[in-house]
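A short write-up of the structure that comes next.
The values are calculated or read from the model by the stated rules, or taken from the named source; none is laboratory data. All values derive from a computational prediction rather than experimental measurement. For accessibility, only protein heavy atoms count, side chains too; no ligands or nucleic acids. Shrake-Rupley method; radii C 1.70, N 1.55, O 1.52, S 1.80 Å.
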Amino acid sequence: MSVFNKIAGSYKLGSNTPITAGVEDLIYIYNSSEFIEVYDINNPLVITGLFPINGANLYKFTGTNNSFNTVSKLAKSSVGPRFTEEIDFNIANVSTDIKTLIMQMGYGRVKAIAVNNYKSGDSAIELFGAINGLIVTDSERNAADETVEGGYKIKLTNPDKIREPYPPRAIGLTTLPVTATVPLAGSATSATMAPVFSSLTPNAGSGSLAAVPYFVKIVSVDALGTTVGSNELTATATLNGTLTAVWLAANGAVSYRVYIGTVTNTQTSYFTTSSLSFTITAPAGTGGSVPGSSTATPTTAIPGTVAASVVASGALANGTYYAKVTAVDLFGETIGSTEVNATTSGTNNSVQITWASTVGAVKFRVYIGTAAGAESFYYETTALSFTYTGVTIPASYQNTLARLNAIAA
């Protein structure tokens, strides 16, 4: 039996296309425990960052202009000023998904980002329930109400007698697109990395090594496989001595393999450890060679099956657009995927890029450019596709809505 204590599922009503000022209202709803808000250090009324925890969802609803009302009312209390925050909005839909979300919202606290478009070029983008959250206090359906096409009218407000210490917070998130180039092999920081091999020291006695030079590399191992080898170090062992290898921790590694051989770059066996050092006492361990770039399998793979195609509508000039996709995980970003391109013409003035799911990725970056190998900016998304339309987001919206749409995608 399901316990409805928070919104669940991936349902959202709306699109990833930036809105036009004065045409639509937007509201983004999320579970109060599933996002981290970062505040401006100089102004606690401004939120500068919004980060989902463990792939949490923003739930996006759209409506026609002035489709909902927001209220922030100051009331004095024994502990100082407190604000009652309310949002009334219309859901012009009666699907099973909508009904399920309404029921789930009734059991848990949520926060809501309201985007009111009062008139062209003017807007308010605010977070309601930032501290104590909001609950559904009213849900009414009137099939005869033409304004919502028989859908639901919902009211979100603070829990009884629990008010907010601040008025609704203004939102000003990171601008997208972001100017950047695709990470190369030397600058990617994603997933499980090969360790940095620090030292290899010979020790007398207690082993069975020959008095010859040994060549050693370290490999990181994670839940899915192994990385390529580290830098190689060499040392000459004493007769019947040992070698102690020491390396730096690698993000994502659950264990390490210490590969050994008597010829440079030709290790023939390895030993396994979960520590950051290992003393080699014997000349041979488990048979095997250091994985190369074609056989290593680190946690987060580069996105594959990338494709580009032109689609109708959009504002791109006729021409060829190039794209690469990277995966981003908890440790950083992979190198770019295979480059793809598509040429716009006529009324087909958008480019859609798609790719396959990548284990370990929490989001993706779609790099775009107008010349091969020269992608110069990216958009972020958690979906497996992105449509580049070239639509210019109005200045009053671009910082926040592009970022919110990327999180909700």
Length-normalised contact order for the range 207-267 - Cα pairs under 8 Å, 6+ apart - percent: 47 percent
Heavy-atom accessible area with a 1.4 angstrom probe orders 255, 33, 220, most exposed first, as 33, 255, 220
Using a 1.4 Å probe on heavy atoms of the protein chains only, the accessible area for residue 181 in Å², nearest 10, reads 100 Å²
Which entries in 324/363; 76/161; 73/155; 73/99; 73/111; 60/161 show an alpha-carbon gap greater than 21 Å? 73/99; 60/161
Once amide hydrogens are built 1.01 Å from N within the peptide plane, the residues lying 5 or more places from residue 253 or on another chain with amide H under 5 Å from its amide H are 193
For residue 39, tell me the accessible area in Å² from a 1.4 Å probe, rounded to the nearest 10. 70 Å²
Residue-by-residue Karplus 3J(HN,Hα) for the range 349-356, coefficients 6.51, -1.76, 1.60, Hz, glycine and proline x: 10, 9, 10, 9, 10, 10, 7, 8
Can you give the accessible area of residue 166 in Å² (nearest 10), computed on protein heavy atoms with a 1.4 Å probe? 90 Å²
